[in-house]
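Notes to accompany the following structure.
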Amino acid sequence: MTWRGALDCVVAPRNASLLILAAAVAAIGGAWAYEALGFLPCELCYKERVPYYAAFGLAPLAALAAQMGKESLARAAFLLMALLFAGDAILSLYHSGVEWKILAGPSDCSGPLSTAPSVEDFMKQLQTTKVVRCDEPSLWIFGLTLANWNVAISAALAALAGCAWWARRR
């Protein structure tokens, strides 16, 4: 099999869609497991999950549309996934910069606190609210944070969806 034939096999709509869907399921499943172990995500972590949730619907749509001969719909789904994951890679790169203290993070990493009617209520709220900071990673895997890993994973998924979109244009 030639290099071109191998590439065509990987970016076939069914194969590309299954790979993207499997990666999305694994990423969200891992995120939920991470939370079940008591590690709370920051605000940026939640935003980085959006393309994976979108892939739950877009990946099967792309495969089904291609199977039914609706090439323009399949291409649109792959293009949208490519753009979402490319944007996610950029957001994750920003998040990595915040974790490394190279970039300033958002001022409301954990979301806004609701206003308390009194100082006593405010003090009680401060004691019970756990603030998850975007600039303090709580988990490192092989020397990288989850945001660091997400740069690579999102970029790879963007490339795969982009290749599938490009291959569908013929």
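The values are calculated or read from the model by the stated rules, or taken from the named source; none is laboratory data. Treat the numbers as computed from the prediction; the structure is a model and nothing was measured. In this analysis, Cβ positions are derived from the backbone assuming ideal geometry, glycine residues included, and neighbour counts consider all displayed protein chains.
General remarks:
- Qualifying residue in region 53-69 (condition: closer than 30 Å to residue 165 by Cβ, at pLDDT 95 or above and hydroxyl-bearing (Ser, Thr, Tyr)): yes
- Near pairs, Cβ below 8 angstrom, 6+ apart or cross-chain, from region 65-90 (basic (Lys, Arg)) to any residue that is in a helix (DSSP H, G or I) and surrounded by 18 or more Cβ atoms within 10 Å (Cβ to Cβ): 75/165; 75/168
- Within region 49-83, the set of residues being under 12 Å from the mean Cα position of the chain (by Cα) and buried (at least 21 other Cβ atoms within 10 Å of the Cβ) comprises 51, 52, 55, 81, 82.
- Residue pairs whose Cβ atoms lie under 9 Å apart, separated by 6 or more positions or on different chains, with the first residue in region 135-160 and closer than 16 Å to residue 97 by Cα and the second of a type in the set (Lys, Arg) and not in a helix (DSSP H, G or I), are 135/101.
- The single condition among (1) surrounded by 15 or more Cβ atoms within 10 Å (Cβ to Cβ); (2) assigned to a helix (DSSP H, G or I); (3) at pLDDT below 75 that residue 121 does not meet is (1).
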